[in-house]
1. Go through the range 60-70 residue by residue and tally those that are outside any helix (DSSP H, G or I) and open to solvent by less than 20 Å² (accessible area, probe 1.4 Å).
2. Specify the residue that is modelled with the lowest pLDDT; the eligible residues are those in the range 45-59 that are part of a helix (DSSP H, G or I) and among the aliphatic types (A, V, I, L, M).
3. Among (1) under 26 Å from G129 (Cβ atoms); (2) of a type outside the set (K, R); (3) open to solvent by 80 Å² or more (accessible area, probe 1.4 Å), there is one condition F56 misses while meeting the rest; what is its number?
4. Before we move on, is S111 of a type in the set (G, A, S) and loosely packed, with under 14 Cβ neighbours inside 10 Å?
5. What's the number of the only condition in (1) surrounded by 12 or more Cβ atoms within 10 Å (Cβ to Cβ); (2) under 26 Å from C22 (Cβ atoms); (3) modelled with pLDDT of 90 or more that T116 fails to meet?
6. Mind checking which residues of the range 119-148 are open to solvent by less than 60 Å² (accessible area, probe 1.4 Å) and either of a type in the set (G, A, S) or under 17 Å from the mean Cα position of the chain (by Cα) (or both)?
7. Pick from T108, T75, T66: which is over 24 Å from L35 (Cα atoms), touching a residue at least 24 places away in the same chain (Cβ under 8 Å) and within 14 Å of the chain's Cα centre (by Cα)?
8. How many residues does the range 9-45 hold that are touching an Asp or Glu at 6+ places or on another chain (Cβ under 8 Å) and either open to solvent by 100 Å² or more (accessible area, probe 1.4 Å) or without any contact (Cβ under 8 Å) to a residue 24 or more places away in the chain (or both)?
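The values are calculated or read from the model by the stated rules, or taken from the named source; none is laboratory data. Note that the coordinates shown come from a computational prediction; the quantities given were computed from them, not determined experimentally. Every residue, glycine among them, receives a Cβ derived from its backbone with ideal geometry; neighbour counts consider all protein chains shown. Each accessible area value is taken on the protein alone, full model and side chains, heavy atoms only, with ligands, DNA and RNA left out. Shrake-Rupley method; radii C 1.70, N 1.55, O 1.52, S 1.80 Å.
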Amino acid sequence: ELTEEGNLAYQWEKWLWLFALCFHWSFFFVIVRHLRFFTDPVPAFVTLWEQIDGVFWVDLQQLYLTGLLLLVGVTGLFLRRVVLPKVRYISLINDYFPLFLIMGIAITGLSMRYLTMVDVTYIKELAMGLVTFHPVVPGDISMAFYSHLTLVCTLLIYFPMSKL
């Protein structure tokens, strides 16, 4: 904003930094945690991180904090774009699209983990088949997984063509 003297002054955006750091670090650690689907044997640092991240137990299963923090971070970044008038004015559709994609990825991932309970062995079998270029069609996998996979693939396709 402009000061009374006509100089340009910047304000430190604490909430932007908080949500951005929360989002980026959580996204990184969620990706690290997903390496267990693409590697056999699972590297020690992945299992170590799963133990650290899943320190809380809810209803006999681990509650992964990074999944929840990812959703909190991306929601905070979205709300910042919607609530602040100056940011809303300069925001375009290509600013909202990746936020919605990542929100959808986080929501479908969390719903698979805590609500629909997909069979992880089939998902690992599918992922290992794709990684080793020997694709297999495993048993019955939930539609929640396929919607999650579609959103991830859409983000990966969109990523090189965007300003991300």
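1. Final tally of qualifying residues: 1.
2. Across the range 45-59, the extreme among qualifying residues is I52.
3. Answer for F56: the failing condition is (1).
4. The answer is no for S111.
5. (3)
6. A127, G129, G139, S142, A144, F145, S147, H148
7. T75
8. Matching residues across the range 9-45 total 2.
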